[in-house]
Structure formats: structure tokens, C-alpha cells
Number of protein chains: 2
Amino acid sequence: MPVPTVDWVGGLDGSFKVIDQTLLPTRYEIIDLDTVEQAWEAIRKLRVRGAPALGVAAGFSVVVGVRNWTGSDPEKFLAEVERVCLYIGTSRPTAVNLFWALDRMRRCAQIHRAQSVPAIKQALLDEAKLILAEDKDICRRLGAHAVKLIHDGAHILTHCNAGGLATADFGTALAGIFTAHEAGLSVHVYVDETRPLLQGSRLTAWELMNAGIETTLICDNMAGFVLSRGEVDLVITGADRIAANGDTANKIGTYGLAVLACHHRVPFYVAAPVSTFDLAIRSGAEIPIEQRAASEVTDLCGVRLAPEGVGVLNPAFDVTPHELITGIITELGVISHPDVATVSALLGKRS
Amino acid sequence: MPVPTVDWVGGLDGSFKVIDQTLLPTRYEIIDLDTVEQAWEAIRKLRVRGAPALGVAAGFSVVVGVRNWTGSDPEKFLAEVERVCLYIGTSRPTAVNLFWALDRMRRCAQIHRAQSVPAIKQALLDEAKLILAEDKDICRRLGAHAVKLIHDGAHILTHCNAGGLATADFGTALAGIFTAHEAGLSVHVYVDETRPLLQGSRLTAWELMNAGIETTLICDNMAGFVLSRGEVDLVITGADRIAANGDTANKIGTYGLAVLACHHRVPFYVAAPVSTFDLAIRSGAEIPIEQRAASEVTDLCGVRLAPEGVGVLNPAFDVTPHELITGIITELGVISHPDVATVSALLGKRS
């Protein structure tokens, strides 16, 4: 069972709880976020992270921010909701899911504006809990499709962290693995450490071990070795963004892993909710690649690893062409051999 | 011009100098090794490292160890040479080149045993200098063959450190790059950081920058991205051991890089002196893979990167099958499309 990354215990006077991910993997601590300032700081400092988890956290942050408002005028209360939403948005201004969830909370308040302030407060808590429940549901449904691809005794390779720590529940890339484990299947996971920020060693390895799943950590450059030995049955990664033709942007290194899997005829799967598809983007060529700070590569925990002044390339992600992807696992089912036709066929089920 | 990794300045009363590689890349310091204990410590603590450089260092360590011996009996002096050789051998008991060089020094003393002690001391210094000169000569000849593969404006990707810091001069993988740079060609090198020990970021990037060569550092998992952009003209790596059919053992990650280069139709070269071939080994399948300590992957400079108790795989190297190698660059020439026939054809030139 994965631990609850973001959770709410009780009613309006209850507790907003998150795992402090900055302490992992050496310490596992659940912290209470009692004030909106504490919630803001937790988002800002990446104590809670991962697109779906941030959406859930944004919802509960709004509740924490407005629950102690003492007035009784619904219009003034809505202004307060707006103020709190704007404030929370400043914590991570580029996190798309954060703003998506804040918009949901604003709309919820609008819809209930004819009601009393306590009733609107309750509606906001219900909405935040709904965001959480929807995320859990997506993870579970995705996991139910993914587990069909996993046999007892399977060896699975994954990259970065698309696990429970990035969502409110089973995660995406790890959803099938957790589902298989819950069903009593024996699974063994190779985890790429995922330079430069080491989400694999710090987060994925931790949450798999925490669930009692056999885990082997490797450096990213060891994946070829492990694949060449026939020790991997399938590869599953997450996705940041998927184009209409199935081309997938994900954490840097995913593309190289897909080429290696293809070379060894090992199935390569991407797991992501349908919200990850951006049909306005026709192919991966249209996805801009964010370059991140050189210091992520040259420094680690205050230790300098490379010469001063060295040129550095630090793309945040790369694009895996759909031809290299065996299937995209979503909560609606698996898109085998993704391309424009198979993607639109599955996404058509949404409507 | 690469810096002198291991050098001797002057006559018998001269100085044995090495770059303290443990201080790189943040500090460049040349240290004098005046006593055999200091030399032993420098080898043990990896202040000097790399197979060819260790051979040279072993020779000078023997000189430093025996030059102040005050007796005049050649037989007793030979016993002292033996004692010093045994002592130096304990610094890194698995370093093949160390023992190869110590044996050369022993034989040299034997050959001159009919001469006076001062004459034998001088012969030992001459022998150590000859090991250095031979290594330089191999690097230069290898570089002269490698440079023919490099055009003006070339972008080259390399992995780990097979540079001047591992040898007494131009290195192996970097020999062609230094030669091209000396010849006035413009070259740009992408350097894999090379987890877990980061020889790429710590050493290769440093020595390329020190020589004034344009250098871009990347994490190992970014090589696929760079190759996919058409930004690499050729890949050159070193080799630890090459089988009779051309299969090549080298630093972990080399194999994955070869697969990626092949996928992008980018030439993949191995550069190594002919002494790296082990014809008793028919193919890479016979090369045992050393597993190193888990802590190299889970810890860095005292910082814990992964959960306690996590399983770790840490193979020191991997084997690249000859089919993926465009050519092996040696001091005798380039073996194109290496296999049993082409390897034996070139190595036949030795005799």
C-alpha cells in the first residue's frame, strides 16, 4: 500500500497532511499544514510535488486558507477565496495542475455563492476531497489496465518518479506495480536513479521499498547492461505531455531508455492519465524542451562535481517518438502501437 | 597541451611529480613524492590513477624507494629493490599495469646486477623514464591515427576518463581530440559525467577545458537526446580489455552509448593501445564483470542519496559487442569493423 502523499483527515476543522518529500529517503515524516502560509511554503519548497499531487494540495490549501474567515457575507468571502487562490498560485507559478485545481476551487465557490459562508466552506472542502478522490480513481483504473501487462515474477524497469509520491495514490508508472503487488504477484523493479535530481533513488526506490516491493537501484547508464542480460521483462515510465500522435515528453533519459528497450525487443510502456494528452500538439517536434540550471548537473548537496565555468546541457526532458512505444497505459485502457488513429480512438471514449 | 600527469624532473636526485587527482576539478595541484611511502599513499588514495599512468608511477616509485640506499653490494641492493617492489605492489593489488611495471623494474635490476650500485640506480631511473616515454609515444601514435577520423568543427561525445590524466600524455580516447586541437582544428566535446564516480565531470571535463577545448558536460542519460538532435559526429571511448573478436569491456554505460550511436548511425570508436587486447579471451562473454560497492551509488561525498537497505547493482563495466564498434583505434592503426580476422591482422604487425 502506498502511503498517503496528500491527505485530509476529518471535517472542516480537520488536518491537511502531506509527506515531507524533502526529507526522503533518509526520513519519513508526515507534516500538518495548519495555515495557508505553511501550505504555501510546503509547495514552494517541494515538500509536496508531482503534477497530480500538487492539484490535490492546492485544493486543501484553499480550504486551510479560508476556513477560519470570520465574516458572514458570501460576497466578501468569495473575495477572500480569490485572494487566497492568488496567494497559493505564487508558490509555484509554472505548475499547470496547481492553477487547474485553483480554478476548480474558484468555480466551486462561485457556484455556491447563494449559500451561507459555512456552506460554501463545506462545499470547498468537498470539492478538494473530490479532486483527491478523482486522482485516486484515475490511479486505480490505470493500475487495473497496467496490471494485465505484468506477469507473476516480472522484472520491470522504471525511470524517475511517477509513483504515489507524485499523485494522491498509486501513481502512474508505478500504478500497475502496486496493483500487481496488492494482488499477490511477485514483482521486482529496477529503478534508474535519474540524474540530475535523483528522483529515482530518492523517491521511487523509497516508495517501492516502503510497500515491500523488491527494488534494485541502478545508475542511469546501467540500464543497457541490465537489458542486455535479459533481466528486464518490460519498461514502464510516466509522461509529462503526450502529443496527438503519441510522441511522449518525459524526464530526460526516457528516450535513451526507449531506444535501448527497442534494441533488446523489451516492451516499452508509458503510463499517464488522459489529461496528459495535448491534442493541440501534433507531434513531439512541437514540444519545446526546457533547459534547467547548470548547477543541477555540476553541484550536489553543496559539493562541486565539475570544473568552474564548464559548459552544461541540462534538458529537463526528452521526447520519445511513438514508434518506440509499445503502448500508452491510461485510465481508459491501453493504446497499443500509439499513433494519431489509435490515440484519437481511445480518447474519443472520454466524451 | 595536456598537463604532465606523472613526471620526473632531473636526475637521480630529481623530483617525482604527479597531479593530485583527488583535488580535481576544484583544485589543480602538482605534488612531489619524495619518499616511497608518499608514492605508496598517492597510488593507494588514487591521487594518481589510470592503467598507463599507474605503470609509469610504479617505475618512479621504485626509484624513489631505492635511490637513498647507502650500501655498495649489488646483491643486497637487488634484495632492497625486491623489498620496495613488493611494498609498492600492496598499494593497489588489483592494478595489472602496476605489476607489469614493477616486473620491468625488477628485470632491469637483474640485467645490471654485475654493475655498481650507483650504475644500477641510474639504470632503474632510465627504465622508469623509458616506460614514461613509451607511454607518451603510444599516445602520440594513437592520436595520429585518431585525428584522421576528426574533421574541423567536429562534435565528439566521450564517456569516463581515458584522457591524459589516465596516461602520461595525450590519453587514449582523448588522444585524437588533443592531436586535432594541436593541429588547429576546432573540436567540441560532449562529456558524459559517468556515474557513479563521475570521472567525466571531475577529470575529463577538467583536462579538456585546461587544454582550451570547448567542452559541454551532460548527465549520462542525456546522450540519447544529444544524439537524436544530430549534434554528435562521432563517439570515442577508451577500453579496459578487448577480446580477440573485438568485443570491448569499458566503463559501465559504454554499451548503452554504443547502442544509441548505432541507432542514430553515428560512428562509435574505441581507442586503446594494443596492450589492451587479451587474445586469450575469445569474446566478451568470457569477460567477468566486477561488481563494486553499493555505496558508490547510494552515497556521494558523505550525502546519502537512496534509502537505507535498498538493493543496488553496480557493475564496474559492461561489454560492447564488436558489431556495434565502427573501429578500434590503436597506435598501430585503426581496426575497421573489428572481428577475429581484422583484429588478428592488425595485431600481427606487432611481431
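If the viscosity is 0.890 mPa s and the temperature 25 °C, what Stokes-Einstein diffusion coefficient in µm²/s follows for segment B:215-275 when Rh is the Kirkwood radius over Cα pairs?
On the way: Rh = 12.4 Å.
The Stokes-Einstein estimate is 198 µm²/s.
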(request) With everything on Cα atoms, drop me the angle between helix A:254-263 and the longest principal axis of chain A, reported from 0 to 90° to the nearest 10. (result) 30 degrees
(message) Just to be sure I follow the definition: excluding the sites themselves, where is the longest run in chain B that has none of the GluC sites (Glu not before Pro) in a DSSP loop with at most 13 other Cβ atoms within 10 Å?
(response) B:30-289
(message) Per DSSP helix of 4 or more residues, -39500 (n - 2.57); summed, then divided by the residues of chain A. What does that give at 222 nm, rounded to the nearest 500?
(response) -11500 deg cm²/dmol
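Which trypsin sites (Lys or Arg not before Pro) in segment B:49-124 sit in a loop by DSSP (not H, G, I, E or B) and have at most 10 other Cβ atoms within 10 Å of their own Cβ? All intermediate terms of the calculation are to be shown ahead of the outcome.
Numbers: sites: B:49, B:67, B:76, B:83, B:104, B:106, B:107, B:113, B:121; in loops: B:49, B:67, B:113.
Here no trypsin sites (Lys or Arg not before Pro) fit, given the DSSP loop and packing criteria.
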(request) List the distances, in nm to one decimal, from the label point of residue B:337 to the label points of the same position in every other copy, shortest first, placing each label point 7 Å from Cα along the Cα-to-Cβ direction. (result) 3.3
(message) How far, in nm to one decimal, is residue B:72 from itself in the other copies if the label point is set 7 angstrom along Cα toward Cβ? Shortest first, please.
(response) 11.7
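Determine the total buried accessible area between chain B and chain A, counting protein heavy atoms only with a 1.4 Å probe; round to the nearest 100 Å². The partial results should precede the final answer.
Details: alone 15180 and 15160 Å², together 26250 Å².
Summed over both sides, the interface buries about 4100 Å².
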(request) Distance between Cα centroids, segment A:77-99 to segment A:247-312: provide it in whole Å. (result) 29 Å
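Percent relative contact order of segment B:231-301, based on C-alpha pairs within less than 8 angstrom and at least six residues apart?
On the way: 78 pairs, mean separation 28.3, N = 71.
For segment B:231-301, the relative contact order is 40 percent.
Let me check I have the definition right: for the protein assembly as shown, take the eigenvalues of the Cα gyration tensor, multiply each by 5, take square roots. What are those semi-axes in whole Å, largest first? Show your work: numbers first, answer last.
Values: eigenvalues 650, 146, 91 Å².
Whole-Å semi-axes of the equivalent ellipsoid: 57, 27, 21.
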(request) For chain B, report the translational diffusion coefficient in µm²/s to the nearest whole number, using Stokes-Einstein at 10 °C, 1.306 mPa s, and a Kirkwood Rh over Cα pairs. (result) 76 µm²/s
(request) Just give the residues from segment A:285-311 buried by at least 20 square angstrom of accessible area in the all-chains context relative to the isolated chain, probe 1.4 Å, and say none if nothing qualifies. (result) A:289, A:297, A:300, A:301, A:303, A:304, A:305, A:306, A:307, A:310, A:311
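Run the accessible area of chain B with a 1.4 Å probe and give the carbon-and-sulfur part as a rounded percent. Before the final figure, lay out the partial values.
Values: 6990 of 13130 Å².
Roughly 53 percent of what the probe reaches on chain B is carbon or sulfur.
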(message) What is the angle, in °, between the Cα long axis of helix B:96-111 and the longest principal axis of the Cα atoms in chain B? Nearest 10 is fine, range 0 to 90.
(response) 30 degrees
(message) Which positions within segment B:153-199 get 50 Å² or more of their accessible surface covered by the other protein chains, compared to the chain by itself, with a 1.4 angstrom probe?
(response) B:195
(request) Tell me the distances, shortest first, between residue B:348 and the same position across the other copies, using label points 7 Å along Cα→Cβ, in nm to one decimal. (result) 6.5
(message) Give me the 1.4 Å probe accessible area per residue for chain B, excluding ligands and nucleic acids, in Å².
(response) 37 Å²
(message) Can you give me the angle between helix A:74-89 and the longest principal axis of chain A, using Cα atoms only, in degrees from 0 to 90, rounded to the nearest 10?
(response) 30 degrees
(message) Check which residues have an amide H placed less than 5 Å from residue B:215's amide H, if you skip close sequence neighbours.
(response) A:311, B:189
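Students often get this wrong, so check it: of B:129/B:251; B:45/B:148; B:136/B:251; B:17/B:76; A:45/A:129; A:136/A:251, which have C-alpha atoms separated by over 32 Å? Walk me through the intermediate numbers first.
On the way: B:129/B:251 29 Å; B:45/B:148 37 Å; B:136/B:251 23 Å; B:17/B:76 28 Å; A:45/A:129 23 Å; A:136/A:251 23 Å.
The answer is B:45/B:148.
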(message) Principal axis extents for segment A:156-304, Cα atoms only, whole Å, descending order, please.
(response) 41, 40, 35
(request) Could you check which residue among A:299, A:169, A:339 shows the biggest mean-square fluctuation in a GNM of chain A with a 10 Å Cα cutoff? (result) A:299
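The values are calculated or read from the model by the stated rules, or taken from the named source; none is laboratory data. All values reported here derive from a predicted model rather than from experimental measurement. For neighbour counting, all protein chains shown are included, and Cβ atoms are generated from backbone atoms with ideal geometry for every residue, glycine included. SASA here: full protein model, heavy atoms, side chains in, ligands and nucleic acids out. Shrake-Rupley method; radii C 1.70, N 1.55, O 1.52, S 1.80 Å.
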